[in-house]
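Peer 1: One structure follows; several queries about it will come next.
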Amino acid sequence: MSLVLDLLIAALAIVGALGFLVSALALLRVRDALSMVNSLGPATGVGVPLLLGAALLHQGRTEGWDIVSVVEVVLAVLAALVVSSIASNALGRAAYRSGAPLDPKTDPNELAGR
């Protein structure tokens, strides 16, 4: 059972880290501010929950299981998902309204005229 839990922890941590890697590579490839804000999605949507889950499982395996830690991780994941979606929306809208240039391939432009 211990080997299965170790493999699960490692898999969660690796896939979570890959979410951050995908976001970092996307940030290097995009051309405009709106796309940069959008490319942070895999880090907050995949990376944070999986890394926190891996950390919780590791802590439970090494130090024992604690309901407070579970509640903290669940609240942290929910807060990260809610805050990141609201923040990305606000940042994208602010970037657009500030007149930051858009990539010519951005079609359709849903914010035009707003």
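The values are calculated or read from the model by the stated rules, or taken from the named source; none is laboratory data. The structure displayed is predicted, hence computed values, not measured ones. Please note: Cβ atoms are built from the backbone with ideal geometry, for glycine as well, and neighbour counts cover all protein chains shown. With ligands, DNA and RNA removed, areas are computed over all heavy atoms of the protein, side chains included. Shrake-Rupley method; radii C 1.70, N 1.55, O 1.52, S 1.80 Å.
Peer 1: Are any of the residues in the range 76-92 in contact (Cβ under 8 Å) with a residue 12 or more places away in the chain, more than 23 Å from Ala17 (Cα to Cα) and outside any loop (DSSP other than H, G, I, E, B)?
Peer 2: Yes, because at least one residue in the range 76-92 is in contact (Cβ under 8 Å) with a residue 12 or more places away in the chain, more than 23 Å from Ala17 (Cα to Cα) and outside any loop (DSSP other than H, G, I, E, B).
Peer 1: While we're looking at this one, here's another question. Being surrounded by 11 or more Cβ atoms within 10 Å (Cβ to Cβ) and among the acidic types (Asp, Glu), is that true of even one residue in the range 52-63?
Peer 2: no
Peer 1: Moving to a separate point now. Can you tell me how many residues within the range 12-34 are assigned to a helix (DSSP H, G or I), closer than 30 Å to Gly99 by Cα and open to solvent by 40 Å² or more (accessible area, probe 1.4 Å)?
Peer 2: 9
Peer 1: Which of the residues that make up the range 65-104 are open to solvent by 70 Å² or more (accessible area, probe 1.4 Å) and of a type in the set (S, T, N, Q)?
Peer 2: Within the range 65-104, Asn89, Ser98 qualify.
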